[in-house]
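A.B. asks: Questions regarding the structure given below will be posed in turn.
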Amino acid sequence: MISQSVAYDVLTAALASGGDFAEIFIETTRRNAISLVNGGVERASSVITHGCGIRVFIAAGGAYGALYSYTNDTSAESLLRLAKSMAKDGACVKVPPFAVKAVENAHIAEKYPGSVKNSDIARMLTLAHERASSYDPLVTQTACTYADVEQNVAIINSEGLWAEDKRVRARVSAGATATLAGEKQSAVNSPGASAGLEIFDMYDMEQLAEQSARSAVTIVKAKRCPVGVMPVVIGDGFGGVIFHEACGHALEATSVAKNASVFAGKLGEAIASPLVTAVDDGTIPGEWGSLNIDDEGERTRKNTLIENGVLKSYMVDKLNGRVMGMAPTGSSRRESYRFAPTSRMTNTYIASGGSSFDDIISATPYGLYAKKMGGGSVQPATGDFNFFVTEAYLIRDGKIAEPVRGATLIGKGSKTLMDIDMVSDGMRMEQGVCGSISGAVPTNVGQPVIRVKRLTVGGRG
Amino acid sequence: MNNSIKRSVAQSAKNAGFREWEVSFSETGSFETRFFNREMSQYKNSRLSSLTFRGVCLGKTGYAATELMTDSSIDEIIRKARANADITDGDAETLYKGADSYPDAPAYDEKLEGVSDAEKVALCAELEAAAYSADERVKSVDYAVMSTQKTSFTIINDRGLDISHMANSAYAFVSARVESGGETKVDGDFWFDNDIDALNVQEIAKNAVSRAVSQFGAKPVKTGEYSIVFENMAACSLIGAFASAFYAENVQTGLSLLKGRVGERVFADFINIRDDARMAASPANVAFDTSGVPASNKSLVTGGVLKGFLYSLKSALKDGFAPTGNGFGNGTRYTHFYLVPGSEAISSVVKNACDGLLITELSGIHAGANAVSGDFSLLARGFVIRSGIICEPTEQITVAGNFYDMMRDARNIGGDLRFTPGAARVGSPSVHVGALKVSGE
């Protein structure tokens, strides 16, 4: 994508800003997407994104700042012009010869994007539509999608790093909307992987569609959720969004370095119930949030964030790591060349515990079983979080009772982590897209079934 | 767009068998700086261009886009657009041949281009300093941001359309973290415009800090029903979440509860909702949508009665209506979608609400608001209203209801219209919506 001599010249020019570190991130990304609405192909689109971001670190008054410029004119003249526009007078750090980093691909796509005809993909989506729409007369709409992305990146820096990586991901979704007496409720299942078109072999689209239809029909018939403070059993898989929002974001160096996290300065301290061990692991083969190398060229790794309730590690990128005096953890990510990278999550989960799902339900006289979670958000400085429950049931007398809808869970991350009083076996992960200051990146969230002894449940009930 | 790109597109479109084709070409230059700890922590600039292709072949439409402007990549995406068109079942789209005239939509201020990067950096530093000095309880200014953007957009098709639009804007944002007695509170404020003379960094900083400080001592209220006043920006986030119910494409696919209700009284009689493509001095003003259809100012709800929907060229063709100039990118979007203000000051709205809650911020909109059913259940914070007076702050509560019921039962509206920033803006004054369910202690 760029020659060594051009890269050398660009980094050297960028360092004339007085910076002590410069980096080039160059990418070409191809995306294809097909969406089927109510059984017809509504739209199929293909997009190429291509561009380069140049980043320079400048030390100033004890703090580190970063200059970032990006363009999609990646000609040698354009990049040199961009690098020079960042430069001011200053001593120039010398760029050593590049050492090409061997990057072994642990996430190999077997069926490459483009290897299956659009019409065959559309046929698989159509089967999903047919299964969902025939599931129940209450199902009034369906939406089924396929999307793939192939991102080719080169990361080159003034420390002599030259690393290239290819990232192929695919995601499918099967969604259904049920209508009853003017009320509409939707449910969707949308698995993804670091894989190609074998995604269709990994997941049964018709089964996903039926699950979505069943959820939508259950929810549309459900009564409103009672509100107040109660024990909440949070389902496995996407239930891990509670940890992602309530704790994961606050363990990113992005907020820790600014002291803007409730967990800043707490390494070695108990921040969660002793039942909680939490991990961010970017290496798991074929997973949606996995990477061979992060967007600074650092190998991803398995980072244990919390072990038996004790805070062990943050997720650290190069720039914030300098401020914190900590080494990078392979956690630096960006949506594209349009964003400077920063510490982000990859595949984040709470590890399996010793209880069974049945133990947890039978130990709960009254509470909410939040089986499927929607999205949510958090304010890292205060730890205030909120997230929406898409499928929930009341627990009465230690048994799962009627379905309820419209519940929101709110709380403070630091308190909620301490209030986890049961953790089941059988950790499972699901896929999401996490938005933060370096853009939207694919991440896995995961957990076994857990119980929080007190949470505020909001809703209209 | 230069002529060699045009020729390349025309040739590839012909080779791929497209009968009709259209390309839009956009160029964006942006600048952003951030301060942290009284030092510049980020300095970012960019130059971007992208080309979007739309081709019609045998009544089917294919799409593709590229940021790589080589002949081979243009040819690649046009071949993909053809493969995409082949499987599309959607209704036939036509390309727009252009209007006789386009409205004047001022969105560009030459003066802004005269502001140097160094001056923008100085303004950002001033913004951060103003936040630090606004109150001694300011522990940190986590974000002080100053950014500018300039965009130009051209659409060309083989039916003779060739039109361009240019816009620029500036955005300032500051977020202050305040601490007192072991409590931490965060709040921020923003400014968005292209008239740089209207930027008052002191005012933004003062608002951000006073909003944060006012939350000290906040506690959840008891679970129950409360009469709710949404402050203007909280009302914007709710209204924005349900704007898609006014998109004709959602009405057509059965994803809007407003289907079949044009001419019916759907909301309280003082509720008027508009989508205006042109307002006095807004960087989001547009003369046409991305299909080249003139963008219009239109009433969607007048006196509580539903008047119509927002149409792209495609959805208008399906219903046999005239497009409203709301076809942007892949679908429909609003331009300035807003609740028309009344004349009362917010103090008067609060006074008339008597007892209840003033909600100043809602979080979790993307997950907790169901755009189809209208149901919402959202993390909120604000103040208790007692005997018409704003009293102690409250937090860690949820406010839940249904958008359609809420707008039907609304009680009162303020005159303090404010818009969100960005290319598609939502506006609202403060609204007294009546009783909603609150979950707290």
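The values are calculated or read from the model by the stated rules, or taken from the named source; none is laboratory data. Just so you know, these numbers come straight off a predicted model, no measurement behind them. Don't worry about glycine lacking a Cβ; one is built from the backbone with ideal geometry, like all the others, and counts go over all protein chains shown. Protein only, heavy atoms only, side chains kept; ligands, DNA and RNA dropped before computing areas. Shrake-Rupley method; radii C 1.70, N 1.55, O 1.52, S 1.80 Å.
A.B. asks: Within the stretch A:300-315, how many residues are β-branched (Val, Ile, Thr) and open to solvent by less than 10 Å² (accessible area, probe 1.4 Å)?
C.D. replies: 1
A.B. asks: Okay, moving on. Find the residue count for the stretch A:320-332, including only residues that are open to solvent by 30 Å² or more (accessible area, probe 1.4 Å) and either in contact with a strand residue (DSSP E or B) (Cβ under 8 Å, 6 or more places away or on another chain) or without any contact (Cβ under 8 Å) to a residue 12 or more places away in the chain (or both).
C.D. replies: 4
A.B. asks: Hey, can you tell me all the residues within the stretch B:297-344 that are in contact with a strand residue (DSSP E or B) (Cβ under 8 Å, 6 or more places away or on another chain), under 30 Å from B:VAL23 (Cβ atoms) and not in a loop (DSSP other than H, G, I, E, B)?
C.D. replies: Within the stretch B:297-344, B:ASN297, B:LYS298, B:LEU310, B:LEU313, B:LYS314, B:SER315, B:GLY331, B:THR332, B:HIS336, B:PHE337 qualify.
A.B. asks: Identify all residues within the stretch A:134-156 that are within 12 Å of chain B (Cβ to nearest Cβ), open to solvent by 40 Å² or more (accessible area, probe 1.4 Å) and not aliphatic (A, V, I, L, M); write none if there are none.
C.D. replies: A:THR140 - this is the single residue of the stretch A:134-156 that is within 12 Å of chain B (Cβ to nearest Cβ), open to solvent by 40 Å² or more (accessible area, probe 1.4 Å) and not aliphatic (A, V, I, L, M).
A.B. asks: So B:ARG137 fits all but one of (1) over 26 Å from the mean Cα position of the chain (by Cα); (2) within 12 Å of chain A (Cβ to nearest Cβ); what number is the exception?
C.D. replies: (2)
A.B. asks: Of all residues in the stretch A:168-180, how many are more than 14 Å from every other protein chain (Cβ to nearest Cβ), buried (at least 22 other Cβ atoms within 10 Å of the Cβ) and within 19 Å of A:ARG123 (Cα to Cα)?
C.D. replies: Counting residues in the stretch A:168-180 that are more than 14 Å from every other protein chain (Cβ to nearest Cβ), buried (at least 22 other Cβ atoms within 10 Å of the Cβ) and within 19 Å of A:ARG123 (Cα to Cα) gives 4.
A.B. asks: Just to be sure I understand, how many residues within the stretch B:88-119 are within 14 Å of chain A (Cβ to nearest Cβ) and either charged (D, E, K, R) or crowded, with 20+ Cβ neighbours inside 10 Å (or both)?
C.D. replies: Here the count works out to 5.
A.B. asks: Name the strands (runs of 3 or more DSSP E) wholly inside the stretch A:14-88 in which the number of residues that are charged (D, E, K, R) and facing chain B (nearest Cβ under 8 Å) is 2 or more.
C.D. replies: Strands (runs of 3 or more DSSP E) meeting the threshold: A:40-60.
A.B. asks: Here's a follow-up. Considering (1) more than 30 Å from A:ASN320 (Cα to Cα); (2) open to solvent by less than 60 Å² (accessible area, probe 1.4 Å); (3) not hydroxyl-bearing (Ser, Thr, Tyr), say which one B:GLU39 fails and leave the rest.
C.D. replies: If we test B:GLU39 against (1) more than 30 Å from A:ASN320 (Cα to Cα); (2) open to solvent by less than 60 Å² (accessible area, probe 1.4 Å); (3) not hydroxyl-bearing (Ser, Thr, Tyr), just (1) comes out false.
For (1) free of Cβ contacts under 8 Å to residues at least 60 places away in the same chain; (2) surrounded by 21 or more Cβ atoms within 10 Å (Cβ to Cβ); (3) over 27 Å from B:MET279 (Cβ atoms), each residue gets a yes or a no:
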{"residue": "B:ILE163", "(1), (2), (3)": "no, no, no"}
{"residue": "B:SER169", "(1), (2), (3)": "no, yes, no"}
{"residue": "B:GLY188", "(1), (2), (3)": "yes, yes, no"}
{"residue": "B:ASN194", "(1), (2), (3)": "no, yes, no"}
{"residue": "B:ALA205", "(1), (2), (3)": "no, yes, no"}
{"residue": "B:VAL213", "(1), (2), (3)": "no, no, yes"}
{"residue": "B:GLY217", "(1), (2), (3)": "no, no, yes"}
{"residue": "B:GLU225", "(1), (2), (3)": "no, no, yes"}
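A.B. asks: Identify all residues within the stretch A:181-220 that are farther than 24 Å from A:GLY426 by Cβ, open to solvent by 30 Å² or more (accessible area, probe 1.4 Å) and modelled with pLDDT of 95 or more; write none if there are none.
C.D. replies: Passing the criteria: only A:GLU206.
A.B. asks: Does the stretch B:345-389 hold any residues that are in a loop (DSSP other than H, G, I, E, B), hydroxyl-bearing (Ser, Thr, Tyr) and either open to solvent by less than 30 Å² (accessible area, probe 1.4 Å) or at negative phi (or both), and which are they?
C.D. replies: Once the filter is applied, which keeps residues that are in a loop (DSSP other than H, G, I, E, B), hydroxyl-bearing (Ser, Thr, Tyr) and either open to solvent by less than 30 Å² (accessible area, probe 1.4 Å) or at negative phi (or both), the stretch B:345-389 yields only B:SER373.
A.B. asks: Please work out which residue is farthest from A:ALA272 (Cα to Cα), limiting yourself to the stretch A:348-363 and to residues that are touching a helix residue (DSSP H, G or I) at 6+ places or on another chain (Cβ under 9 Å) and open to solvent by less than 20 Å² (accessible area, probe 1.4 Å).
C.D. replies: Once the filter is applied, the top-ranked residue is A:THR348.
A.B. asks: OK, next. Considering each residue of the stretch B:182-212, count those that are touching a strand residue (DSSP E or B) at 6+ places or on another chain (Cβ under 9 Å), within 14 Å of another protein chain (Cβ to nearest Cβ) and over 24 Å from B:ALA423 (Cα atoms), and give that number.
C.D. replies: Matching residues across the stretch B:182-212 total 5.
A.B. asks: Further, regarding this structure: Go through B:SER133, B:SER101, B:SER116 for me and flag whichever is at pLDDT below 95, under 26 Å from A:GLY65 (Cβ atoms) and of a type in the set (S, T, N, Q).
C.D. replies: B:SER116
A.B. asks: Now a separate question. Only one of (1) surrounded by fewer than 23 Cβ atoms within 10 Å (Cβ to Cβ); (2) in contact (Cβ under 8 Å) with a residue 24 or more places away in the chain; (3) of a type in the set (A, V, I, L, M) fails for A:VAL47. Which number is that?
C.D. replies: Going through the list (1) surrounded by fewer than 23 Cβ atoms within 10 Å (Cβ to Cβ); (2) in contact (Cβ under 8 Å) with a residue 24 or more places away in the chain; (3) of a type in the set (A, V, I, L, M), A:VAL47 breaks only (2).
A.B. asks: Here's something else I'd like to know. Of all residues in the stretch B:404-416, which are within 12 Å of chain A (Cβ to nearest Cβ) and open to solvent by less than 20 Å² (accessible area, probe 1.4 Å)?
C.D. replies: Matches in the stretch B:404-416: B:MET406 only.
A.B. asks: Can you name the condition, by its number, that A:TYR366 falls short on among (1) closer than 21 Å to A:GLY248 by Cβ; (2) open to solvent by 20 Å² or more (accessible area, probe 1.4 Å); (3) among the aromatic types (Phe, Trp, Tyr)?
C.D. replies: (1)
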